[in-house]
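Trainee: I'd like to ask some things about the structure below.
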Amino acid sequence: MHPPDFTLQRNAFGQLVLSRDGSDHTGVTVVRAFPIGAPDDGLSLVSPDGHELAWIDHIDQLPPAMRPLISEALASREFMPVIQRIRSVSSFATPSTWSVDTDRGATQLVLKGEDDIRRMTAPALLISDSHGIHYLIRDPGLLDKASRKLLDRFL
């Protein structure tokens, strides 16, 4: 492992600043290349105008002091609750309202159509609700039996 050719820190306004070769780039955004299939692989540091400033093959390549900065930036940018249980659905026809338990608490989502459930890297599913929020089911086989039965009606 060789150290990156840049440094990363937060300025007084909480923005990420990437410094390299005497230049500072303020307002850097961290973007995952593979957010579901390989969340720690392929991270891009992007300038506010959308130009890639640095590429990180794997988060472990960074010095330990930089890793929390990257993790915090990703957490503040990404919001993808993980469904742990499907309590009920209002109807097996769409649109339908689902009551679910997620890793962020209980909530309801409105599924507009079956095509809003997408298969990702096996076995994960991505569900988009009517507000554009994406919910992840990492492995439908790990859901309880009642949740799997409800989900199967839409697959």
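Nothing in this text is a laboratory measurement; each read-out follows from the coordinates by a stated rule. Since the model is a prediction, treat every value here as computed from it, not as a measurement. Positions of Cβ are backbone-derived with ideal geometry, glycine not excepted, and every protein chain shown enters the neighbour counts.
Trainee: Full-extension gain between ASP24 and HIS51, please, as 0.36 nm times their residue separation minus the C-alpha to C-alpha distance.
Mentor: Value of the extension gain: 8.3 nm.
Trainee: Using unit Cβ charges (K, R positive; D, E negative) and no other charged atoms, how large, in debye to the nearest 20, is the dipole of the chain about its Cα centre?
Mentor: Result for the chain is approximately 760 debye, rounded to the nearest 20.
Trainee: Ok, one more. Which ³J(HN,Hα) values in Hz, rounded to whole numbers, follow from the phi angles of the range 81-89 under the Karplus curve 6.51 cos²θ - 1.76 cosθ + 1.60, where θ = phi - 60° and Gly and Pro get x?
Mentor: Karplus-based 3J(HN,Hα) across the range 81-89 equals x, 9, 6, 10, 7, 9, 7, 6, 10 Hz.
Trainee: Sticking with this structure for a sec: Measure nothing but the geometry: give the 0 to 90° angle between the long axis through the Cα atoms of 67-77 and the longest principal axis through the Cα atoms of the chain, rounded to 10°.
Mentor: For 67-77 against the chain, the angle is about 50 degrees.
Trainee: To continue, here is another question. Okay, helix-only estimate at 222 nm for the chain: each DSSP H run of n ≥ 4 adds -39500 (n - 2.57), divide by all residues, round to 500 deg cm²/dmol; what do you get?
Mentor: The helix-only estimate for the chain comes to -3500 deg cm²/dmol at 222 nm.
Trainee: Another question, then. Hey, quick one: spin label on ARG104, modelled 7 Å out along Cα-Cβ, who in the range 33-59 has an amide N within reach, i.e. under 20 Å?
Mentor: Correct set: 33-40.
Trainee: Give me the extension gain from ARG77 to ARG148: residue separation times 0.36 nm, minus the current Cα-Cα distance, reported in nm with one decimal.
Mentor: Using 0.36 nm per residue and subtracting the Cα-Cα distance, I get 22.6 nm.
Trainee: What is the distance in Å between the Cα centroid of the range 105-155 and that of the range 1-58?
Mentor: 31
Trainee: With a 10 Å Cβ neighbour count serving as the proxy for reagent exposure, in which order, fewest first, do ASP129, ASP24 appear?
Mentor: ASP24, ASP129
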